[in-house]
């Protein structure tokens, strides 16, 4: 592979706070593709929750989903590679969530499951209703996450939210240590928990290597802690202006925030 690759996080990076794509970003990314670059989405989202963006970008590459837990081929509608959470670990985590009364949205197979509709679920489900039916992600309320985990083919990750952020931080630290799971913050009030060893940077590096390429030829854009692994692994790691200082410190370049034309300006100024 001799072409260069642009790896794009979605929320907080390519997407505005309203979960839309800026026309300037779409135009710039279209032009950079015409110039020979390949684009790949690298997201914390489930593959069922990125349809509108994948289609708007007219991509033909697989998507890296759930912080690197799996690689999804949209053309074949199949998972190419994955490292799902062992069911026993998922059940232990669910038991701890119930004990601490913390909400967990469980990502499995082709859906996201929950027991009670908290704010995060309500907001995301509301966004989903604005989409055409064929692009809507699947949210399912279940009586028991534990039973659903036993019945699923694959448990990808858990997205945890709680209004008490210190409580959530403490829970994530303990779960990571006691259960040997990967815990990464993907939003200011959301921590993602997945199988140990999974990360955006690792899965992206594996895909690039399989294409015969080098991470030195990758330009990665991100904004949050779950993006650090790919920002550091890429030849050029680009942090958004809305990122925390700790994330910016791990990038090669810092640009404007996700409400401005910063991605387009970087592309025109450095890649075209």
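The values are calculated or read from the model by the stated rules, or taken from the named source; none is laboratory data. This structure is a prediction, so every number in the text was calculated from the model and none was measured. Backbone-built Cβ (ideal geometry, glycine too); neighbour counts: all protein chains shown.
Descriptive notes on the structure:
- Test: residue in region 189-209 that is at pLDDT below 90 and under 27 Å from residue 262 (Cβ atoms): yes
- Only listed residue being at pLDDT 95 or above, surrounded by 13 or more Cβ atoms within 10 Å (Cβ to Cβ), in a helix (DSSP H, G or I) and touching a strand residue (DSSP E or B) at 6+ places or on another chain (Cβ under 9 Å), chosen from 125, 149: 149
- Test: residue in region 75-92 that is modelled with pLDDT under 95 and either under 15 Å from residue 210 (Cβ atoms) or touching a strand residue (DSSP E or B) at 6+ places or on another chain (Cβ under 7 Å) (or both): no
- Checking residue 230 against (1) touching a residue at least 40 places away in the same chain (Cβ under 8 Å); (2) not assigned by TED's automatic domain parsing to the domain that holds residue 56, the condition it does not meet: (2)
- Counting only strands (runs of 3 or more DSSP E) that fall entirely inside region 177-272 and contain at least 2 residues that are over 30 Å from residue 91 (Cβ atoms) and over 14 Å from the mean Cα position of the chain (by Cα), the qualifying elements are 218-222, 236-239.
- In region 250-261, the residue that is nearest to residue 21 (Cα to Cα) out of those that are surrounded by 15 or more Cβ atoms within 10 Å (Cβ to Cβ) and touching a strand residue (DSSP E or B) at 6+ places or on another chain (Cβ under 9 Å) is 258.
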